[in-house]
1. Roughly speaking, to the nearest percent, how much of region 49-196's 1.4 Å accessible area is carbon and sulfur?
2. I need the helices of the chain that pass two filters: whole DSSP H segments spanning 15 Å or more by Cα along the axis, and mean Kyte-Doolittle score no lower than -0.5.
3. Suppose accessible area is computed on protein heavy atoms with a 1.4 Å probe; arrange 202, 59 from highest to lowest.
4. Show me the ranking of peptides 95-101, 25-31, 293-299, 249-255 by mean Cβ neighbours inside 10 Å, starting with the highest.
5. Dividing the alpha-carbon radius of gyration of the chain by 2.2 N^0.38 Å (N being the number of residues), what value is obtained?
6. Please compute the per residue accessible area over region 106-251 with all protein chains in place, 1.4 Å probe, rounded to a whole number of Å².
7. Kindly identify region 24-109 as rounded, prolate or oblate by the Cα gyration tensor criterion: order the square roots of the eigenvalues as a ≥ b ≥ c, call it rounded if a/c is under 1.5, otherwise compare a/b with b/c, prolate if a/b is larger, else oblate.
8. Taking the chain as a Gaussian network, where each spring joins two C-alpha atoms under 10 Å apart, which residue of 227, 150, 67 fluctuates the most?
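The values are calculated or read from the model by the stated rules, or taken from the named source; none is laboratory data. As the structure is a computational prediction, the values presented were derived from the model and not from experiment. For neighbour counting, all protein chains shown are included, and Cβ atoms are generated from backbone atoms with ideal geometry for every residue, glycine included. Protein only, heavy atoms only, side chains kept; ligands, DNA and RNA dropped before computing areas. Shrake-Rupley method; radii C 1.70, N 1.55, O 1.52, S 1.80 Å.
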Amino acid sequence: MVDPASSLPDNARMSTPNCQPAILGPVPDFARFISFRLRDGGRTRGALQRVAAARHDPKTVIGIGNPLFESLATTVAGVRAFPVDMAQFPSTQGALWLLLSHGDRSAMFDAGRAFASLLDDAFEVLEEIDAFKYRGGRDLTGFEDGTENPKNEAAIAAAIVAGRGNGLDGGSFVAVQRWVHDLRAAEAMSLSTLEDVIGRRKTSNEEMADAPPSAHVKRTAQESFEPEAFVLRRSMPYGGIAEHGLYFVAYGESLDRFERQLRRMSGHDDGILDGLLSFTRAVTGSYYFCPPLSDGKLDLRALRL
């Protein structure tokens, strides 16, 4: 569930002028993911108005979670909280989410503080995770991933909302989870066993036709769903010696694409659990709507501020 980014050509970026640019941009060497929750009694509406009035930093992505919509008594078609009916995948729904993709720790620190200053006393940090690109874009297990990430115009079609009106078109829905790896468990497996878990050869990245039904590649084969469930993944490894894993990020023009994959991973379809669960576990899960831009600022018309 990790991926090096497939970069988009300039003409593809230009075809989505009101999209938050970092959604389609390449995965940086370093990034920071921050989730926020609402403070009791905070002046939420005023904080969002300040965010909407500020020039959007093209190296950031801002996502709005269901608790924030509920606090404003506002609904947007397609917005919902992370599901709570899959025991393997906990729901820890946040109110606001921020990606800092500057690739430079100093720039990320300054940008994070600048954004937080707009929030005043309405929000507080729920989780803050620093992530990094590992060995050119591999998972901490050493497997290359992202092979099935859609490219170019297909990536835009998979990730970016279109044809739904002002305040929505150019936006994106994003699913985020933090996974904790047990690398000792993975390293204790034989190479063939670990390849069966992933569904690819470690050295060649070749997909294994004879992989078991529990292989992650088979569980999440995006073209195998009806309709197809392609998403644009922008996940990154994180952590140190004591704890490490994957910060999973998947953008889609709806949340349905990701959720169909997640339910198959949980065995909802056929009772077969994804092999990844033999060495990694999800500890968080949230859904967000990433609004489009208008004149270089976040377009929050969908929130009816």
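1. Numbers: 3350 of 6620 Å².
Summing carbon and sulfur atoms, their accessible area is 51 percent of the total for region 49-196.
2. On the way: long enough: 105-119 (21 Å, 0.52).
Qualifying helices, which must be both long enough and hydrophobic enough, are 105-119.
3. Details: 202 70, 59 100 Å².
Ranked list, largest accessible area first: 59, 202.
4. Numbers: 95-101: 26.1, 25-31: 19.3, 293-299: 15.6, 249-255: 23.3.
So the order, starting with the most tightly packed, is 95-101, 249-255, 25-31, 293-299.
5. Working: Rg = 18.7 Å, N = 305, 2.2 N^0.38 = 19.3 Å.
Cα Rg divided by the expected 2.2 N^0.38 Å: 0.97.
6. On the way: 6510 Å² over 146 residues.
In whole numbers, region 106-251 has 45 Å² accessible per residue.
7. Numbers: a/c = 2.02, a/b = 1.25, b/c = 1.62.
Because a/c hits 1.5 or more and a/b fails to exceed b/c, region 24-109 counts as oblate.
8. For the chain, modelled as a Gaussian network with Cα springs under 10 Å, the answer is 227.
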